[in-house]
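The values are calculated or read from the model by the stated rules, or taken from the named source; none is laboratory data. Please read these numbers as outputs of a predicted model, since none were measured by experiment. Here the Cβ is made from the backbone with ideal geometry for all residues, glycine too, and neighbour counts use every protein chain on show. Quick note on the areas: whole protein, heavy atoms, side chains included, nothing else; ligands and nucleic acids left out. Shrake-Rupley method; radii C 1.70, N 1.55, O 1.52, S 1.80 Å.
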Amino acid sequence: MREDPVEMSVAAPVAAPPEPQREALPTAPSTVPGGAPLSLAPPAAGIPGAAPATVPAAKIEIRDLNLYYGPFRAVRDVSMGIAANQITAIIGPSGCGKSTFLRSINRMHELTRHASMDGQVLLDGVDVYSPEVDAVDLRRFVGMVFQRPNPFPTMSIYDNVVAGLRLGGGARKADLDEVVERCLRAAGLWDEVKDKLRAGGTSLSGGQQQRLCIARALAVDPEVILMDEPASALDPVATLRIEELMLELRGRFTIVIVTHNMQQASRVSDFTAFFSMGEDRAGYLVEMDRTARIFTNPREKLTEDYVSGRFG
Amino acid sequence: MIGAVPARDATLAERLRAGRSPRRRAVDRAGRGLALAATLACVVPLAAVLFFVVAKGAGALNLDLLTKPAKALGTGGGALQSWLGTVQMVGLATLIAVPVGIAAGIYVSEFAGHRAARAIRFASDVMVGVPSILVGIFVYVLLVLPFRQFNAFAGSVALAVIIVPVIQRTTEEVLGLVPRELREGSLALGVPSWRTTLSVVLPTARAGVLTGVMLGVARAAGETAPLLFTALGSRLVNIGGFGEPMDSLTLFIYNGARSPIAALNDQAWGAALLLLLLVLGINVSVRLRSMGGVRA
Ligand SMILES: Nc1ncnc2c1ncn2[C@@H]1O[C@H](COP(=O)(O)OP(=O)(O)OP(=O)(O)O)[C@@H](O)[C@H]1O
Ligand SMILES: [Mg+2]
């Protein structure tokens with residue numbers, strides 16, 4: 001495992017802060033990455049005071065989140081914290097609501113017809129679903145990378161990178177060249193494309209396209225990046241490239257990645273959340289913990305079966 | 001199925017060979033023949049029309065036809081006023097119809113609820129099927145009667161009414177083909193949805209939208225009926241006089257073909273060829289242009 005700036009001792013969830021504190025806007029959110037549903041937690045003996053100083057602060061806190069497509073509940077009662085500037089992986093069998101969950105964080109879920117939700121998603125303590133938060137603004141802070149690379153086909157590489165700035169209205173003309181170079185470098189693509197910035201975005205290989213999409217997401221200067229199986233359409237080498245890139249971005253961005261690839265989750269992530277599906281096909285969080293713990297010594301039998309390949 | 005399939009206890013080799021039974025081969029051949037005949041039935045009339053227009057029109061399509069206006073009486077003039085009229089009226093109609101049709105297509109595809117979308121789609125389909133002479137009468141009542149004056153503007157409006165549903169339907173359909181991931185990719189960057197539609201979705205569907213516009217223009221250029229009660233037709237060259245009657249190639253053909261004078265009949269063939277070339281020319285040039293630009 002790589003070195004961590006913080007000691008780990010997050011085996012159990014810590015209770016959510018009391019109700020009134022929700023209104024206080026930028027106060028430090030609770031320092032709780034490992035919030036599995038309370039019912040699944042072991043006896044919380046002495047946890048609250050156990051380790052606040054040793055756990056990274058939660059950038060995102062999800063409370064009692066339910067997500068629906070029409071009458072169908074796709075995600076049930078999820079509560080968890082996502083650590084700031086760390087990589088959190090979400091794993092689980094197909095159809096258990098991982099993508100749905102991920103898309104609820106930047107309010108892409110509501111773009112689906114008949115989709116609805118209840119519960120809270122707190123970003124730095126602010127509920128992103130509260131009426132004063134605008135979904136368009138929110139998405140500038142919470143970027144997204146999709147499963148299939150989706151560069152804009154009518155735009156050049158250069159224009160793809162700055163699309164969010166230009167179309168979102170945040171562009172200052174003079175800076176664009178600098179932004180393009182900085183983001184393409186950060187995405188590890190600069191050397192490959194610096195001589196053909198005017199070529200079409202779709203003229204690149206799949207792996208390059210995906211890194212272009214990451215550069216595009218970085219250009220609007222987000223704080224959180226959501227990735228939905230970002231490497232599943234790529235070959236092993238390109239996959240490794242994306243993983244390296246994620247590790248480089250770690251520390252500056254809070255990254256949440258959905259993946260079907262256990263090795264990938266164990267290679268890149270600091271925390272892992274395991275989702276499963278109930279009788280009613282609603283996905284729920286089985287447990288969340290330090291990645292090392294999930295893959296070596298999970299608390300739940302279900303998790304152990306899944307990560308060892310016995311189920312799912 | 002066709003052909004005698006051997007019983008289950010036959011060897012696989014026997015059963016495989018039985019597939020090419022003579023009977024199945026015969027049915028196959030007959031089916032192909034029918035399909036070919038049907039295809040010819042479609043293509044032959046088209047080819048015949050093209051052949052006649054070219055054969056009869058080529059002789060009459062000369063510089064005089066293009067550059068001289070009709071004489072006030074008798075023969076010997078050209079069709080200058082007609083093709084100028086067609087270009088102007090179709091041009092204005094396109095200017096009116098393109099924004100309306102594209103906006104309506106965007107609305108139905110991107111923003112309208114299920115019910116509204118269905119209603120608009122239905123209305124558009126009905127409009128496409130309405131006989132164009134009815135559109136002519138409608139515009140006649142609306143824009144000719146009140147002014148007691150046949151006018152080219154009314155002609156353009158009538159043509160625009162005919163083009164709008166064509167553009168609307170095509171726009172809507174091609175926007176529907178733009179992958180959802182592209183829209184979401186843009187929205188996920190914090191781009192507002194109207195901007196996503198205009199700057200990401202519409203450009204991606206550009207070639208298809210242009211095709212819709214082309215279909216509309218070609219349709220408008222070939223219409224006669226809606227112009228009969230609106231632009232009326234004229235023997236005078238009219239440039240920019242949208243308050244007065246104006247001629248069109250189709251009206252020229254209509255009048256020339258009905259005339260007892262053989263020279264005018266010939267000129268009508270020439271005008272028909274000209275119309276054909278005009279529509280074809282627009283089509284090809286737009287298609288060539290839309291193939292350029294950033295490659296998808
Ligand atoms: N647009 C939609 N409309 C209705 N139901 C949907 C929609 N999208 C997903 N679902 C349903 O919600 C549930 C969760 O889907 P989701 O895509 O979130 O699963 P997932 O965990 O991401 O699966 P995978 O690993 O295969 O990507 C599934 O039962 C799915 O059928
Ligand atoms: Mg998914």
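Residues of the stretch A:107-132 that are away from ligand 2 (no atom under 16 Å from the Cβ), open to solvent by less than 10 Å² (accessible area, probe 1.4 Å) and within 14 Å of chain B (Cβ to nearest Cβ): A:Val128 alone. On inspection, A:Ser104 passes the criterion of being more than 11 Å from chain B (Cβ to nearest Cβ), within 16 Å of ligand 2 (Cβ to nearest atom) and either outside any strand (DSSP E or B) or not hydrophobic (A, V, I, L, M, F, W, C) (or both). What are the residue pairs meeting all of these: first residue in the stretch A:111-135, first residue under 20 Å from A:Phe72 (Cβ atoms), second residue within 16 Å of ligand 2 (Cβ to nearest atom) and open to solvent by 40 Å² or more (accessible area, probe 1.4 Å), Cβ atoms under 6 Å, and 6 or more apart or on different chains? What qualifies is A:Ala115/A:Tyr69.
The set of residues from the stretch A:61-79 being near ligand 1 (Cβ under 8 Å from one of its atoms) and either within 14 Å of chain B (Cβ to nearest Cβ) or among the polar types (S, T, N, Q) (or both) comprises just one member, A:Gly70. When the residues of the stretch A:68-101 are filtered to those that are within 13 Å of ligand 2 (Cβ to nearest atom) and in a strand (DSSP E or B), which remaining residue is nearest to the chain's Cα centre (by Cα)? Among those residues, the one meeting the criterion is A:Ile90.
Annotation note: Cβ proximity below 6 Å between a residue of the stretch A:146-167 that is more than 8 Å from chain B (Cβ to nearest Cβ) and a residue that is buried (at least 22 other Cβ atoms within 10 Å of the Cβ) and in a loop (DSSP other than H, G, I, E, B) (sequence gap 6+ or interchain) occurs for A:Asn160/A:Pro151; A:Asn160/A:Phe152.
Checked against the criterion of being within 14 Å of another protein chain (Cβ to nearest Cβ) and of a type in the set (Asp, Glu), the stretch B:168-179 contains not a single residue that satisfies it.
From the list B:Gly216, B:Gly136, B:Gly185, the lone residue that is within 12 Å of chain A (Cβ to nearest Cβ) and either buried (at least 21 other Cβ atoms within 10 Å of the Cβ) or within 18 Å of B:Val100 (Cα to Cα) (or both) is B:Gly185. If you check A:Val193, A:Val237 for being more than 28 Å from A:Ala57 (Cα to Cα), surrounded by fewer than 21 Cβ atoms within 10 Å (Cβ to Cβ) and among the β-branched types (Val, Ile, Thr), only one passes: A:Val237.
Which residues, taken from the stretch A:214-233, are open to solvent by less than 40 Å² (accessible area, probe 1.4 Å) and away from ligand 1 (no atom under 16 Å from the Cβ)? If the condition is that a residue be open to solvent by less than 40 Å² (accessible area, probe 1.4 Å) and away from ligand 1 (no atom under 16 Å from the Cβ), then A:Ile214, A:Ala215, A:Arg216, A:Ala217, A:Leu218, A:Ala219, A:Val220, A:Pro222, A:Val224, A:Ile225 are the ones that fit. Can you find a residue in the stretch A:261-284 that is among the aliphatic types (A, V, I, L, M) and part of a strand (DSSP E or B)? Checking the stretch A:261-284: at least one residue is among the aliphatic types (A, V, I, L, M) and part of a strand (DSSP E or B).
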